[in-house]
Amino acid sequence: MLVAFLILLREGLEAALIVGIAAGYLARTGRSGQMPLVWIGTAAAALACLGLGLSLDLLSLEFPQRQQEIFESVVGLLAAGMLAGMAFWMRRAARSMGHDLRGRMEAAAGSGAALIALVFLAVAREGVEAVVFLLALMQQGAGWSVPVGGLLGLAVAAVAGVLIAWGGMRLNYGRFFRWTGVVLLFAAAGLAAGALRALHEAGIWNQLQQLAFDLSNVLPEDSVLGSVLAGLFGYAARPSIGEVMLYLAFLGVLLPAFLSSPRQPAAVAGR
């Protein structure tokens, strides 16, 4: 639940930031009457992403067991890569997102269809990422806690977006995306390790399957602490040597690069 909450909180805040920037730009340029077009683009993106998620989930149910494991591994690896890419991209883009979006809105200002398409694509990008992440978590057996956590994250993001855009709340986006990015890199490493486990269950990867350690009697995954660690950091009570190696290699390469990447001046959103 915690990872789903965090992912949807991040994605929801990015989408809220996009809508807030669009609303502010239209208000400053005297085109507030075009705001319904922004809502149309936002709603269309949300419906399209919801349809994509339901379609992929139903598609996975049609596969035989082996194909389901392969599908799970592909989605898990894709989600891990997208999580890592999102963390790095938002660290760089938090400062310039507003300027870039306003420039694209200026180019689309003469056409209602172009404005709808611009907002649709910007919001849908966040939505597609969220769909892939949540699907990967659900494929790895997290159950209903994933959609519940995701909905809570969206709700908090929606409230924060309203407060930022119209309520005067200030948020340091640079710091927020930096430290949530660290947590999501750990979650991405856990997704990658889970994808390797699915490849083994599908009979495709059979190397390094010796048990690395067994903490199931000390810290089971279904305990409160185990659930928190599994959700935030990809903890597994009985991982194989291959899973541990992939997890550590993933973090060993990406985490230092993320933490040492040049820091830009913090972007603070609000009025």
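For Ser223, nonlocal amide neighbours, meaning residues 5 or more places apart or on other chains whose placed amide H falls under 5 Å from its own, do not occur. Net length available on complete extension from Asn217 to Trp89 is 42.1 nm, with 0.36 nm assigned per residue and the Cα-Cα distance removed.
Seen from Ser73, the other residues with C-beta closer than 9 Å to its C-beta sum to a net charge of -2, counting Lys and Arg as +1 and Asp and Glu as -1. Projected label points at Arg31 and Val253, each 7 Å from Cα along the beta carbon direction, are separated by 4.3 nanometres. Residues whose amide H comes within less than 5 Å of that of Ser240, counting only those at least five positions distant or on another chain, are Ala212 (H built at 1.01 Å from N in the peptide plane).
A simple spin-label model places the labels of Val156 and Leu232 1.2 nm from each other, with each point 7 Å out along Cα-to-Cβ.
Rule-based calculations on the coordinates, nothing more; no lab input. Bear in mind the structure is a predicted one, so any value in this text is a computation, not a measurement. Backbone-built Cβ (ideal geometry, glycine too); neighbour counts: all protein chains shown.
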